[in-house]
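Colleague: I have a structure I would like to understand better, so I am pasting it below and will then ask my questions one at a time.
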Amino acid sequence: AQSVTQLGSHVSVSEGALVLLRCNYSSSVPPYLFWYVQYPNQGLQLLLKYTTGATLVKGINGFEAEFKKSETSFHLTKPSAHMSDAAEYFCAVDADRGSTLGRLYFGRGTQLTVWP
Amino acid sequence: DARVTQTPRHKVTEMGQEVTMRCQPILGHNTVFWYRQTMMQGLELLAYFRNRAPLDDSGMPKDRFSAEMPDATLATLKIQPSEPRDSAVYFCASGSGRGVNNEQFFGPGTRLTVL
């Protein structure tokens with residue numbers, strides 16, 4: 001079975017500080033990887049995704065993530081946090097690389113708090 | 001701006017009542033997912049469909065939950081009878097389901113409270 005581990009259910013940073021949200025996956029082959037963000041009382045929105053090619057991918061709102069096969073990781077970063085980044089962030093994997101059923105496996109989420 | 005829509009956005013009901021939640025996927029998307037989100041369990045996949053056919057509903061309590069797609073523009077999730085432990089936010093998501101564009105687009109959710 002596929003699994004996604006997000007280390008740290010809560011992360012707090014000061015405004016302007018680096019944001020680092022960790023995601024590790026287990027998969028027999030490199031999967032497609034996604035980060036979603038959920039603002040209060042809203043559905044999940046796609047931040048960025050990795051499928052093939054360059055392992056450093058850039059998403060919306062200044063976020064980026066790097067796929068590291070050797071570490072089975074896909075950590076999300078942003079150089080400078082903004083108050084509006086406060087939300088819950090979910091890492092997800094498509095272990096079938098889009099070839100079959102389209103199912104994504106989601107992590108438990110990391111709540112990001114940004115202090116002024 | 002194509003979006004997944006869900007109705008109702010909020011539902012408060014009493015234990016034992018039937019609850020029906022509706023979802024309109026993005027036009028052209030052939031895969032529809034139902035999720036449940038709670039503080040304790042996080043985001044759980046309940047069921048999903050491709051081209052209106054159910055692919056997997058193993059995440060759903062079979063005795064009280066049912067999911068259908070009467071047509072390509074409507075997906076429904078029913079709970080009968082509802083119980084307090086069903087209180088959660090239910091999300092519908094749609095996608096094209098394959099290839100490098102295998103991302104899911106989520107609706108705003110239905111917040112269900114069963115008293």
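The values are calculated or read from the model by the stated rules, or taken from the named source; none is laboratory data. Model, not experiment: these values are computed from the prediction. Here Cβ is always computed from backbone atoms with ideal geometry, including for glycine, and neighbour counts include all displayed protein chains. Just the protein is used for accessible areas: all its heavy atoms, side chains included, with ligands, DNA and RNA removed. Shrake-Rupley method; radii C 1.70, N 1.55, O 1.52, S 1.80 Å.
Colleague: Residues that are within 14 Å of chain B (Cβ to nearest Cβ) and closer than 14 Å to A:V4 by Cα, at least 3 per element: which strands (runs of 3 or more DSSP E) completely within the range A:14-116 meet that?
Modeller: Fully inside the range A:14-116 and qualifying: A:32-38, A:87-94.
Colleague: Considering only residues that are in contact with a Gly (Cβ under 9 Å, 6 or more places away or on another chain) and either at pLDDT below 95 or open to solvent by 10 Å² or more (accessible area, probe 1.4 Å) (or both), which ones fall in the range A:29-42?
Modeller: If the condition is that a residue be in contact with a Gly (Cβ under 9 Å, 6 or more places away or on another chain) and either at pLDDT below 95 or open to solvent by 10 Å² or more (accessible area, probe 1.4 Å) (or both), then A:Y32, A:Q38, A:N41, A:Q42 are the ones that fit.
Colleague: Also: Which of the numbered conditions does B:L27 fail, given that it passes all the others? Conditions: (1) in contact with a strand residue (DSSP E or B) (Cβ under 6 Å, 6 or more places away or on another chain); (2) touching a residue at least 24 places away in the same chain (Cβ under 8 Å); (3) more than 12 Å from chain A (Cβ to nearest Cβ).
Modeller: So B:L27 meets the others, but not (1).
Colleague: Also: Restricting to strands (runs of 3 or more DSSP E) lying wholly in the range B:63-115: which have 2 or more residues that are within 11 Å of chain A (Cβ to nearest Cβ) and under 14 Å from B:V12 (Cα atoms)?
Modeller: Once the strands (runs of 3 or more DSSP E) in the range B:63-115 are filtered for at least 2 residues that are within 11 Å of chain A (Cβ to nearest Cβ) and under 14 Å from B:V12 (Cα atoms), what remains is B:88-95, B:110-114.
Colleague: A further question on this structure: Just to check your reading of the model, which residue among B:L43, B:L55 is over 10 Å from the mean Cα position of the chain (by Cα), surrounded by 21 or more Cβ atoms within 10 Å (Cβ to Cβ), facing chain A (nearest Cβ under 9 Å) and not in a loop (DSSP other than H, G, I, E, B)? I'd like the intermediate steps shown before the answer.
Modeller: On the way: B:L55 fails: surrounded by 21 or more Cβ atoms within 10 Å (Cβ to Cβ).
Only one candidate passes the filter, namely B:L43.
Colleague: Something else about it: When you check B:N51 against the structure, is it of a type in the set (S, T, N, Q), under 18 Å from A:W35 (Cα atoms) and without any contact (Cβ under 8 Å) to a residue 40 or more places away in the chain, yes or no?
Modeller: So B:N51 does not fit the description; no.
Colleague: I would also like to ask the following. Taking the stated definitions as given, is B:M21 in contact (Cβ under 8 Å) with a residue 12 or more places away in the chain, buried (at least 17 other Cβ atoms within 10 Å of the Cβ) and more than 14 Å from chain A (Cβ to nearest Cβ)?
Modeller: Values: in contact (Cβ under 8 Å) with a residue 12 or more places away in the chain: yes; buried (at least 17 other Cβ atoms within 10 Å of the Cβ): yes; more than 14 Å from chain A (Cβ to nearest Cβ): no.
Here the answer is no, as B:M21 does not meet what is asked.
Colleague: Can you tell me which residues in the range B:1-18 are open to solvent by 20 Å² or more (accessible area, probe 1.4 Å) and closer than 19 Å to B:N51 by Cβ?
Modeller: The one that is open to solvent by 20 Å² or more (accessible area, probe 1.4 Å) and closer than 19 Å to B:N51 by Cβ: B:A2.
Colleague: Next up: (1) exposed (fewer than 13 other Cβ atoms within 10 Å of the Cβ); (2) out of contact with any strand residue (DSSP E or B) (no Cβ under 7 Å at 6 or more places or on another chain); (3) modelled with pLDDT of 95 or more; (4) not acidic (D, E): which one isn't true of A:K58, the others all being true?
Modeller: (2)
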